[in-house]
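The values are calculated or read from the model by the stated rules, or taken from the named source; none is laboratory data. Predicted model, so just to flag it, every value in this text is computed and none were measured. All Cβ positions, even for glycine, are placed from backbone atoms using ideal geometry, and neighbour counts span all protein chains on display.
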Amino acid sequence: MGEGAGAFVAWLGASLVVLSDGRRGLALGVLLAGAGVAVVAFPTAGLGGSAALAVGGLVAATGRLVAGPPGWAILPAGSTPRLVLCIAGGLVALWVGLGVTSGDGASLRFGVISTIGFGAARVLSSHDQSVVLSALALISLAVGAAVGLAAPGSGVVPYVAAAVIAAGSAWIPIKAPSAA
């Protein structure tokens, strides 16, 4: 898979996290975003860093499968604004990644900008803990991949740290709210 395809997969995965409310949709979104971010980070992260991001995404997706509302719940009622966000946000991230900034790594910039932006939007717009934890996993993976934008060849430690944070966030116990 090339960098352009990896960037598209990262955007698609982040979009699924934005558009889903069920655990299966969230898990698939985290898995796709983790794989896409790992692919676009490969040129700067190397095999070790890229593999760490992929494994972090896989563990986070697995954790998402066991907690949260059941089912897929992709595009539930009232999700039109979220769909508009995914399309418009993707176009803005593409414009910034390709047109506004210069240099190598346009796919990495697009993948990182769209994943962090969509994750942050989902954190701010949801009250469901499983959704928020899924979005935080995306943000940590994308921040880890962003290390390659500032310090290419920085070693594997930042990528492993991001993967551990993403994987750990998916396994935080979710407590049901209680009205006392």
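Answer yes if at least one residue in segment 34-54 is surrounded by fewer than 22 Cβ atoms within 10 Å (Cβ to Cβ), assigned to a helix (DSSP H, G or I) and of a type in the set (Ser, Thr, Tyr), and no otherwise. Checked against the condition, which is being surrounded by fewer than 22 Cβ atoms within 10 Å (Cβ to Cβ), assigned to a helix (DSSP H, G or I) and of a type in the set (Ser, Thr, Tyr), segment 34-54 yields no hits at all. Among (1) of a type in the set (Val, Ile, Thr); (2) at pLDDT 90 or above; (3) under 23 Å from VAL96 (Cβ atoms), which single condition is VAL147 missing? Unmet for VAL147, out of (1) of a type in the set (Val, Ile, Thr); (2) at pLDDT 90 or above; (3) under 23 Å from VAL96 (Cβ atoms): (2). Flag set for ALA10, criterion: under 17 Å from ILE139 (Cβ atoms), part of a helix (DSSP H, G or I), modelled with pLDDT of 90 or more and in contact with a helix residue (DSSP H, G or I) (Cβ under 8 Å, 6 or more places away or on another chain).
If I filter segment 99-119 for residues that are aromatic (Phe, Trp, Tyr) and within 26 Å of ARG24 (Cβ to Cβ), do I get at least one hit? Among the residues of segment 99-119, at least one is aromatic (Phe, Trp, Tyr) and within 26 Å of ARG24 (Cβ to Cβ), which makes the answer yes. Does PRO81 qualify as being of a type outside the set (Val, Ile, Thr) and either part of a loop (DSSP other than H, G, I, E, B) or touching a Lys or Arg at 6+ places or on another chain (Cβ under 6 Å) (or both)? In short, no. Only one entry of ARG64, ARG82, ARG23 meets the criterion of being surrounded by fewer than 24 Cβ atoms within 10 Å (Cβ to Cβ), farther than 22 Å from ALA7 by Cα and of a type in the set (D, E, K, R), and that entry is ARG23.
Here is a check on your reading of the model: is GLY99 free of Cβ contacts under 8 Å to residues at least 12 places away in the same chain, exposed (fewer than 14 other Cβ atoms within 10 Å of the Cβ), on the phi < 0 side of the Ramachandran plot and small (Gly, Ala, Ser)? First the steps, then the outcome.
Numbers: free of Cβ contacts under 8 Å to residues at least 12 places away in the same chain: yes; exposed (fewer than 14 other Cβ atoms within 10 Å of the Cβ): yes; on the phi < 0 side of the Ramachandran plot: yes; small (Gly, Ala, Ser): yes.
Yes; evaluated as a whole, the condition is true for this residue.
Out of GLY90, GLY99, GLY103, one residue alone is modelled with pLDDT under 90, out of contact with any helix residue (DSSP H, G or I) (no Cβ under 8 Å at 6 or more places or on another chain) and assigned to a helix (DSSP H, G or I). It is GLY99.
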